[in-house]
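Taking it in order: structure first as structure tokens, then the write-up.
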Amino acid sequence: METKVLCQTIDELCETCCEEHQEVARDVLSRVAGKWPLWVLHVVAANGGPMRFSRVMEQVEGVSQKVLTQTLRQLERDGLLSRKVYPQVPPRVDYNLTPLGKELLEQVLPLWQWVAGRAADFAAARERFAGRTVESSTEPASVSA
């Protein structure tokens, strides 16, 4: 698809939405495109059923407890995960993928496949960029009078 046609299609899609829905769509897209949400959704989906916070934390390497808590709340708020609290001591909380969350993962799969298939291209682009950055930082700065 030509870039111009692609942009026109996006513009037309935005025009069919009311301002409130456009804002929600941008917000959800921005949030889902963050560092952790898709990974968290994948981990919960791969579990195949309800999953405790601590198990999610174990499988999403590098995420802090605070950030995981925020991510889970946002995913629940957007209807992508469900949360069930059991009244016991200590409290037990399970997270589960919702039908909307499953649908999102199905829609994102082609993007993941494309990115994975183009990883070598991204790596090469990063190497070119790093080389250009090194070259430009070794050039003498021009001084204006």
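For the reader, a short list of remarks on this structure follows.
- Taking residues in region 98-127 that are closer than 26 Å to Glu76 by Cα and among the acidic types (Asp, Glu), and partners anywhere that are modelled with pLDDT of 95 or more and loosely packed, with under 12 Cβ neighbours inside 10 Å, not one pair has Cβ atoms closer than 9 Å while being at least 6 places apart or on different chains.
- Residue in region 48-57 that is in contact with a Lys or Arg (Cβ under 8 Å, 6 or more places away or on another chain), of a type in the set (Phe, Trp, Tyr) and over 22 Å from Trp112 (Cβ atoms) present: no
- Looking only at region 1-25, and only at residues there that are closer than 24 Å to Arg77 by Cβ and surrounded by 11 or more Cβ atoms within 10 Å (Cβ to Cβ), the one that is nearest to the chain's Cα centre (by Cα): Ala25
- Listed by position, the helices (runs of 4 or more DSSP H) inside region 22-106 whose residues that are of a type in the set (Ser, Thr, Tyr) number at least 2 are 65-77.
- Across region 1-50, the number of residues qualifying as farther than 22 Å from Asn96 by Cα and touching a Pro at 6+ places or on another chain (Cβ under 7 Å) comes to 0.
- Filtered residues of region 61-83 (kept if among the aliphatic types (A, V, I, L, M), within 19 Å of Val24 (Cα to Cα) and over 13 Å from the mean Cα position of the chain (by Cα)): Leu81
- Number of the exception - Arg83 against (1) among the charged types (D, E, K, R); (2) within 17 Å of Asn96 (Cβ to Cβ); (3) out of contact with any helix residue (DSSP H, G or I) (no Cβ under 6 Å at 6 or more places or on another chain): (3)
- In region 87-134, the qualifying residues are those that are polar (S, T, N, Q) and in contact with a Leu (Cβ under 9 Å, 6 or more places away or on another chain), and the one that is farthest from Arg52 (Cα to Cα) is Thr98.
The values are calculated or read from the model by the stated rules, or taken from the named source; none is laboratory data. None of these values were measured; they are calculated from a predicted model. Here the Cβ is made from the backbone with ideal geometry for all residues, glycine too, and neighbour counts use every protein chain on show.
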